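Since the structure comes first, as structure tokens, the remarks are kept for the end.
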Amino acid sequence: MRDQVAQLAFVTIAAVLEQAYFSMQVIWARRKYKISPPNTSGHPVFDRTFRAQLNCSEYYPLFLSALWIAGIFFHQGFAAFCGLLYLYARYKYFHGYAESALGRLTPMYISSSILWVLIGSSVLGLIDYFLHSHYGVNVKPRLTWWKLSAL
């Protein structure tokens, strides 16, 4: 069982650490620009850092859900690879946004695209599972990389 989800677990821990890092960046920006809680605005760099962290947190549950469903029902390796790309794009998004509002755009488009790929592969994997389990029909092609999946 562990080998069937180990890659997904690794990406999940990396995502948790990334979220913690983003939160720490907000704490450090609060200290640097002397913005005490519960205030959520002040210096423009703090505002962008705070907003970047909040945006990343808003997408976190969507990412984790799509990651695990795609990994279990589509292909663990593919989902984990997409997950790592997503985390890198979010890292670039966070730092791009902290520097300027326009700096967030390219990484935002990249991370959104990766998220849609994970959602799409989740749906395809679930459709295949239900059609196969209820009707005996295989939808997904039986490619070599697909068979490597530990499903």
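The values are calculated or read from the model by the stated rules, or taken from the named source; none is laboratory data. Not measured: the values here are computed from a predicted model. FYI the Cβ positions are ideal-geometry reconstructions off the backbone, even for glycines, and counts take in every protein chain you see. All accessible areas refer to the heavy atoms of the entire protein, side chains included, with ligands and DNA or RNA removed. Shrake-Rupley method; radii C 1.70, N 1.55, O 1.52, S 1.80 Å.
In segment 22-104, the alpha-carbon atoms span a convex hull of 84 Å³ per residue. If you fit an axis through the alpha-carbon atoms of helix 2-33 and take the longest principal axis of the Cα set of the chain, what angle between them do you get, 0 to 90°, nearest 10? Helix 2-33 sits at roughly 10 degrees to that axis. Residue-wise HN-Hα couplings along segment 94-109, as the Karplus relation 6.51 cos²θ - 1.76 cosθ + 1.60 with θ = phi - 60° gives them from phi, are 4, 6, x, 5, 4, 7, 7, 4, 6, x, 8, 5, 4, x, 5, 5 Hz; Gly and Pro carry x.
Each peptide in 113-125, 39-51 receives the mean, over its residues, of other Cβ atoms within 10 Å, and ordering these scores from highest gives 113-125, 39-51. Given (1) 24.3, 89; (2) 18.5, 58; (3) 18.5, 63, which label gives Rg and Dmax of the Cα atoms in Å as computed from the coordinates? The value computed from this structure is option (3). Relative contact order of the chain, taken over Cα pairs closer than 8 Å and 6 or more residues apart, is 26 percent. 3J(HN,Hα) along segment 65-76: 4, 5, 4, 6, 5, 4, x, 7, 9, 10, 6, 4 Hz, from the Karplus curve 6.51 cos²θ - 1.76 cosθ + 1.60 with θ = phi - 60°, whole Hz, x for Gly and Pro. The simple Förster model, with R0 at 25 Å and r as the Cβ-Cβ distance, assigns GLU58 and LEU124 a FRET efficiency of 0.50. Computed in the context of the full set of protein chains, the accessible area of segment 91-143 at 1.4 Å probe radius has 69% of its extent on carbon or sulfur.
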